[in-house]
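To start, the structure under review is shown below, and the notes come after it.
The values are calculated or read from the model by the stated rules, or taken from the named source; none is laboratory data. Nothing here was measured: the structure is a model prediction, and the numbers come from that model. So basically every Cβ, Gly included, is an ideal-geometry build from the backbone, and we count neighbours across all protein chains shown.
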Amino acid sequence: MERELTPGEIEHKFAEISAQEPEALTPEEEASLAEAEAMDDGSTVTLEEYKQQLEEYSGRMVLRIPRSLHKSLKEAAKLEGVSLNQYMLYKLSK
């Protein structure tokens, strides 16, 4: 069992982290950041407004795919130890 850090040790660790130079972004990360910044129109919405915007979406979607792809996805999900739904959500979010 690991011992807990003292408040002084925690403060020292945070100081070490804060003193580190930030990592340089890869060209892919730079491009992704630039794309995200270009899409930002500066507008904001409240959490309640956002929830209202989502009201019309159920979160369910029917998608027809080839049987071979279905098989491949099912096998990959099994290897990862997750449901097909979880695996597809992960893949779609990448």
Is one or more of the residues making up the range 30-39 over 25 Å from the mean Cα position of the chain (by Cα) and not hydroxyl-bearing (Ser, Thr, Tyr)? no
So, in the range 66-90, exactly how many residues are without any contact (Cβ under 8 Å) to a residue 12 or more places away in the chain and surrounded by 10 or more Cβ atoms within 10 Å (Cβ to Cβ)? 15
Filtered residue count, the range 19-34, keeping only those that are acidic (Asp, Glu), loosely packed, with under 10 Cβ neighbours inside 10 Å and either under 20 Å from residue 94 (Cβ atoms) or modelled with pLDDT of 90 or more (or both): 1
Looking at the range 44-63, is at least one residue part of a helix (DSSP H, G or I) and either of a type in the set (Lys, Arg) or modelled with pLDDT under 90 (or both)? yes
